[in-house]
Amino acid sequence: MMDHERTEKELQEIFEEIQHSYRTSIENAIALQERTLEFARGLLENPESRGGRAELEDLVDGTRRQRAQLERLTRKAAEAYMKVLNAPADYHHKVEEARAELEETGPS
């Protein structure tokens, strides 16, 4: 029973970390969108403002970084979920391998 409780606790921690990572990623995306809207508003209010190109490039770079981060997070979360889903089968497979090895080395 202790192994089951420990496994449940470890899974809960993994899922909480994934949830926290998604929350942080979404918060960063929202902040980037707010910066983009402020930039667009500034362009509409003052089309001849200086520094617009540098800020625009910064926003584009931020968007690329955000997208790459979200792609990595999604991939890692999918891998974690697959490990959880495959764990019972992997465990069963390892038990069967151990039994087969014991049978091979046991007395005939």
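No lab work stands behind these numbers, since they all come straight from the coordinates. Computed from a predicted structure; not experimentally measured. For neighbour counting, all protein chains shown are included, and Cβ atoms are generated from backbone atoms with ideal geometry for every residue, glycine included.
Summary of computed values
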| quantity | calculated |
| --- | --- |
| Potential extension, GLU101-LEU44 segment - 0.36 nm per residue separation minus Cα distance | 13.1 nm |
| Nearest-ten-degree value, helix 52-105 long axis tilted from longest Cα axis of the chain | 0 degrees |
| Contour minus Cα-Cα distance for PHE15 and GLN33 (0.36 nm per residue) | 3.8 nm |
| Net dipole in debye of the chain [+1 Lys, Arg Cβ; -1 Asp, Glu Cβ; about Cα centre; nearest 20] | 580 debye |
| Theoretical gain in end-to-end length, ALA68 to TYR22 [0.36 nm per residue, Cα-Cα removed] | 15.2 nm |
| Among THR24, LEU56, PRO88 the positive-end extreme of the charge dipole of the stretch 2-105 (Cβ point charges) | LEU56 |
| Computed magnitude of the charge dipole of the stretch 1-59 (debye, nearest 20; Cβ of K, R +1, Cβ of D, E -1) | 340 debye |
| Backbone N within the stretch 13-41 under 17 Å of label point (7 Å from ALA54 Cα along the Cβ vector) | 39 |
| Cα-Cα P(r), the chain, percent of pairs per 5 Å interval | 2, 10, 12, 13, 10, 9, 9, 7, 7, 5, 5, 4, 3, 2, 1, 1, 1, 0, 0 |
| 23 Å Cα-Cα reach of LYS94 towards lysines, excluding residues that sit fewer than 8 places from it in its own chain | LYS9, LYS83 |
